[in-house]
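Colleague: Okay, handing you the structure first.
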Amino acid sequence: MNTRLKAFLDGLYYTYQRREVINPDPLYFLYKYDDIRDWEIAGLLASSLAYGRVAQIMKSVDRVLSCLTNEPHKFLLSNGNFEIVPSDFKHRFTTGHDINVLLKNVSEILREYGTIEEFLRECLRISEGDIFSGLDEFSGRLSRGKENGSFSLVTAPKDGSACKRLFLYLKWLVRKDDVDPGGWNVIRPCDLIVPTDTHMHSIASKLGFTRRKNADLKCAVEITEGFREICPEDPAKYDFVLTRFGIRAGLNIDDVL
């Protein structure tokens, strides 16, 4: 293990892994609720829309969640009309129809399994514990009814992409500290994959964790292995603090590396 790198990363963690620096980040919306069943829904929506400019992400997530009242899980269980999000909603490639399809699928899952976590547990049981296969099942059910060619709100490992938004969702619900709320035990923190986009890919490349040129699933796994050497029990531990660089004004990763 590179002890100097670990000391550097731990220093960032203790400086920036704090609740008061979450905003602007879509994770912020989970803390509007007290019930983990609402965290599940808010987290799924917030992570699914976590692409593009941060300001627009925050605006879009806020608009969608405002349609679900203060108790999203109760709203979805009692609501029979799935024209929930207005037709004029647009977040880059995502339409109001796309969100309504996802919400309909979530409602059906809640009625059948009680919680999204229990549904994921069943997916992993079917896949005999293989996380990627289980997540393919998970994503497939949540994407049921999606129009051919439309943007995938919930990505699947079988497609080969880095699945950044899916792994971000899992990180929020599995890890628990002053930033990530946690609450799920269906997956262990040690089995999480680091959410990887072009920004994390650039940072991981500078840290020497990958030489891959494309931020795809293989790259995300390789980056995770690099972080796992530093923190075997929690390889996604440093994701939040490293992604503050480039999001918060005045923070530049090149100034500290």
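The values are calculated or read from the model by the stated rules, or taken from the named source; none is laboratory data. Small disclaimer: the values here were computed from a predicted structure and weren't measured. Protein only, heavy atoms only, side chains kept; ligands, DNA and RNA dropped before computing areas. Shrake-Rupley method; radii C 1.70, N 1.55, O 1.52, S 1.80 Å.
Colleague: Roll a 1.4 angstrom probe over the protein heavy atoms and tell me the percent of accessible area of the chain that is carbon or sulfur.
Modeller: On the chain, the fraction of accessible area on carbon and sulfur atoms equals 48 percent.
Colleague: Can you give the alpha-carbon Rg of the chain over 2.2 N^0.38 Å, where N counts its residues?
Modeller: Relative to the 2.2 N^0.38 Å estimate, the chain comes out at 0.98.
Colleague: May I ask for the distance between the Cα centers of the stretch 162-235 and the stretch 108-122, given as a whole number of Å?
Modeller: Rounded to whole Å, the Cα centres lie 24 Å apart.
Colleague: Where the convex hull is taken over the Cα atoms of the stretch 113-154, what is its projected area averaged over directions, in nm²?
Modeller: 3.2
Colleague: Per residue of the chain, what 222 nm ellipticity follows from adding -39500 (n - 2.57) for every DSSP H run with n ≥ 4, rounded to the nearest 500?
Modeller: Dividing the helical sum by the residues of the chain leaves -15000 deg cm²/dmol.
Colleague: As I understand it, the value is the acute angle between the Cα axis of helix 96-113 and the longest principal axis of the Cα atoms of the chain; what does it come to in degrees, rounded to 10?
Modeller: Between the helix axis and the principal axis of the chain, the angle is about 90 degrees.
Colleague: Quick one: helix 116-126 against the long Cα principal axis of the chain, what's the angle to the nearest 10°, folded into 0 to 90?
Modeller: 80
Colleague: Treating the angle as unsigned and between 0 and 90°, give the value, to the nearest 10°, between the Cα long axis of helix 131-142 and the longest Cα principal axis of the chain.
Modeller: For 131-142 against the chain, the angle is about 30 degrees.
Colleague: Keeping every protein chain present and rolling a 1.4 Å probe, give me the accessible area per residue for the chain in Å².
Modeller: 46
Colleague: Counting residues in the stretch 1-50 as N, plug N into 2.2 N^0.38 Å and put the Cα Rg over that result.
Modeller: Against the compact-globule rule of thumb, the ratio is 1.52.
Colleague: Taking 27 Å as the cut-off for C-alpha to C-alpha distance, list the pairs among 158/237; 164/206; 59/158; 146/176; 146/237 that go past it.
Modeller: 59/158; 146/176; 146/237
Colleague: Right, another one. Which value results for Rg/Rh of the stretch 36-156 when Rg is the Cα radius of gyration and Rh the Kirkwood radius based on the inverse mean 1/r?
Modeller: Over the Cα atoms of the stretch 36-156, Rg/Rh equals 0.95.
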